[in-house]
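Beneath this line is the structure, given in structure tokens, with notes to follow.
The values are calculated or read from the model by the stated rules, or taken from the named source; none is laboratory data. No experiment lies behind these values; they were computed from the predicted model shown. A quick note on method: Cβ atoms are made from the backbone with ideal geometry, for glycine too, and the neighbour counts reach across all protein chains shown. Side chains are part of the model used for accessible areas, which takes the heavy atoms of the whole protein and leaves out ligands, DNA and RNA. Shrake-Rupley method; radii C 1.70, N 1.55, O 1.52, S 1.80 Å.
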Amino acid sequence: MNAEQYRAVIGWFNARPAAKKALRLVSRGAVGLVYLLYLGMLAWLALHRSEQLWPAIIVPAAAFLVGTLVRRVIDRPPPYTALGCALFEDKPGQSMPSRHCFSAAAIAGAAWFVLRPLGIVLAVLGVLIAVCRVVTGVHYISDVLAGLAFGAAFAVLGWNAFVLAASAMGFYSIMLL
């Protein structure tokens, strides 16, 4: 979206306080639900002493760390800074890739290996988060697409690398993608 399109969308929400409040609720709720479901999955894995617990922890954590470093290197200003328009401001700089999106995608990817229906639910929530981040003027479309792609690719590659390495050392025998 360009500056005019961002201003039009933001103007529409600013003119409708109930819609703006609902958008904030959906945006924050989707993020909270991703983390709540993720913690629930980890608790379930721990309770069942599953060998999938460690990759389910390590892969999303590594995606978060690497993605955060990539953001610092790129240091792209978000739309609300560059274009001067936003519904809800975030911290300045480091817009590319979206950390919310790559975290949600990495968590969804890890969940895909553990319980596919949960992975699908988390992926849908990740897309909802991406839409909210763009509509609110916090990220460009390219930021959220890059975040989703980075998180998903990191999850698949990271999970498989973890399992291969652990299997080679005799620790795990879980299936790969």
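Computed quantities for the displayed model
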read-out: Test for residue 59: is it in contact with a Ser or Thr (Cβ under 8 Å, 6 or more places away or on another chain) and under 20 Å from residue 122 (Cα atoms); value: no
read-out: Candidates 102, 113, filtered to the one that is of a type in the set (Phe, Trp, Tyr), touching a residue at least 60 places away in the same chain (Cβ under 8 Å) and touching a helix residue (DSSP H, G or I) at 6+ places or on another chain (Cβ under 6 Å); value: 113
read-out: Members of segment 121-155 found to be closer than 22 Å to residue 75 by Cβ, touching a residue at least 60 places away in the same chain (Cβ under 8 Å), open to solvent by 10 Å² or more (accessible area, probe 1.4 Å) and in a helix (DSSP H, G or I), listed by number; value: 133, 134, 141, 150, 154
